[in-house]
Amino acid sequence: MTEDTPRYGAAPSTREIETLARKVFDTLPPGFAAPAREVGLRVVDFAPDHVLDELQIEDAFGLTGLYDGVPMTQKSVMDQPQQPDVIWLFRRPILDEWAARGNVALSDLVAHVTVHELAHHFGWSDDDIAAIDRWWE
């Protein structure tokens with residue numbers, strides 16, 4: 001059974017989502033792979049309420065991922081890191097979007113969210129990402 005084979009029973013776990021996301025890190029081009037490995041990866045069911053409030057998101061299902069850190073384009077060798085950069089993936093919203101779409105493999109959706117958040121680490125804005133990744137179409 002592959003990760004895209006329909007299963008009956010329990011939904012994919014946080015560990016399974018993390019495994020799919022880590023595969024993305026393994027396939028990045030060399031210029032991106034090393035800096036990407038410095039970013040932590042966490043998978044939880046939902047974003048915490050304080051994060052949703054800060055982003056003014058009312059529905060927890062509206063946020064599939066988040067980059068929490070300082071983009072590489074804004075870092076200086078003089079900076080003292082306050083915390084490690086982390087990509088957060090939110091399992092339940094990802095699964096909800098996957099089920100709602102019905103036409104995309106879970107591995108592809110997880111890869112999309114992961115790459116989107118990595119792009120923020122590399123200093124890309126949402127508009128920059130949208131210009132080359134027309135995912136919603």
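Quick check: anything in the stretch 72-88 surrounded by fewer than 19 Cβ atoms within 10 Å (Cβ to Cβ), small (Gly, Ala, Ser) and within 13 Å of the chain's Cα centre (by Cα)?
no
Here are the criteria: (1) among the charged types (D, E, K, R); (2) in contact with a strand residue (DSSP E or B) (Cβ under 7 Å, 6 or more places away or on another chain); (3) under 16 Å from Val110 (Cβ atoms). Tell me which single one Asp68 does not satisfy.
(3)
Could you please give the count of residues in the stretch 7-41 that are closer than 17 Å to Tyr67 by Cβ, assigned to a loop (DSSP other than H, G, I, E, B) and either touching a strand residue (DSSP E or B) at 6+ places or on another chain (Cβ under 6 Å) or in contact (Cβ under 8 Å) with a residue 60 or more places away in the chain (or both)?
Here the count works out to 2.
Mind checking which residues of the stretch 30-67 are surrounded by 14 or more Cβ atoms within 10 Å (Cβ to Cβ) and under 12 Å from Phe122 (Cα atoms)?
Phe32, Pro35, Ala36, Val39, Tyr67
If I ask for residues that are modelled with pLDDT under 90 and of a type in the set (S, T, N, Q), which ones from the stretch 1-58 would you list?
Thr2, Thr5, Thr27
The values are calculated or read from the model by the stated rules, or taken from the named source; none is laboratory data. What you see is a predicted model, and the numbers here were worked out from it, not measured in a lab. Glycine gets a Cβ as well: all are built from the backbone with ideal geometry, and neighbour counts include every protein chain shown.
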